[in-house]
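Comments concern the structure below.
Read-outs: derived from the displayed coordinates by stated rules, not from any lab. As the structure is a computational prediction, the values presented were derived from the model and not from experiment. For neighbour counting, all protein chains shown are included, and Cβ atoms are generated from backbone atoms with ideal geometry for every residue, glycine included.
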Amino acid sequence: MFPFNIFVQVLFSKLDNFLAPNRPCHNSLWISLLAFHEALARKPCDPLIVATFALAFYLGGDMSLAVDIGKSINRQHDTGFRELLEPKVWTDKHLAGEVQSFAALMKQALTEMTDEYHVANAMAKIPQAPSSDLVFIPLQAYLKVLKFIECVQYGKKERGHEPKRDGMINYHNLSNGTHAEIRNLFTLVVFDTLYPTDTEDENDCSS
């Protein structure tokens, strides 16, 4: 095993486990994951903050419930990511505040991903990248992801949102960008990245 994994590669490999040519997803899920990783790369976080953010994302902004569930997690996170800091003990209030701050950073990353000047500057730093200021994020997808993020940032649950309870993925709804499906798979992918099952298996073998 390499000393550090590349978080974004693992994140999207986990997403690939759920998708196939006959099981597509709406582009807002990809955009959400890209903005999520960009925020985490800019400001590495305690894994509990990341997990609680993903839970709040899934719950449509229900911060109180996300904090309660997050603090009950007793699984070992993957320690091979530079983006994850050493775990700390958080009060409910401070944890919620950190999650909302992370959401604000994710919103900033999302906005910059749609700014042609920022995109052109970022591309210029990549030696083999073509010279372009094109932005490939449709406005409708941007607004959808923005709504997801702002529900967490402001701690206000999306009106009428009911999170999925059965764990099953409806690929028709996922391809159409249904909020519950996007929120559900986003959180599944983040949790599979944070808490891989092989880490738990290794711990079981060593105990």
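Here are the numbers for the structure shown:
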| read-out | value |
| --- | --- |
| Built amide H within the under 5 Å cut-off of Phe81, gap 5+ | Asn5 |
| Order by protection proxy (mean Cβ within 10 Å, highest first), peptides 167-176, 10-19, 29-38 | 29-38, 10-19, 167-176 |
| Gain upon complete extension [Ser64, His161; 0.36 nm per residue less C-alpha separation] | 33.4 nm |
| Simple label model, 7 Å out from Cα along Cβ direction - Gln9 to Lys71, nm | 3.8 |
| Net charge of neighbours whose Cβ lies under 10 Å from the Cβ of Ala51, counting Lys and Arg as +1 and Asp and Glu as -1 | +1 |
| Karplus-derived 3J(HN,Hα), 6.51/-1.76/1.60, for each residue of segment 150-167, Hz, glycine and proline x | 5, 4, 6, 4, 9, x, 10, 5, 4, 4, x, 6, 10, x, 5, 10, 8, x |
| Computed over segment 1-120, the ratio Rg/Rh where both radii use C-alpha atoms and Rh is Kirkwood | 0.98 |
| Neighbour-limited loop hits for trypsin sites (Lys or Arg not before Pro), segment 144-182 (at most 13 other Cβ within 10 Å; DSSP other than H, G, I, E, B) | Lys156, Arg159, Arg165 |
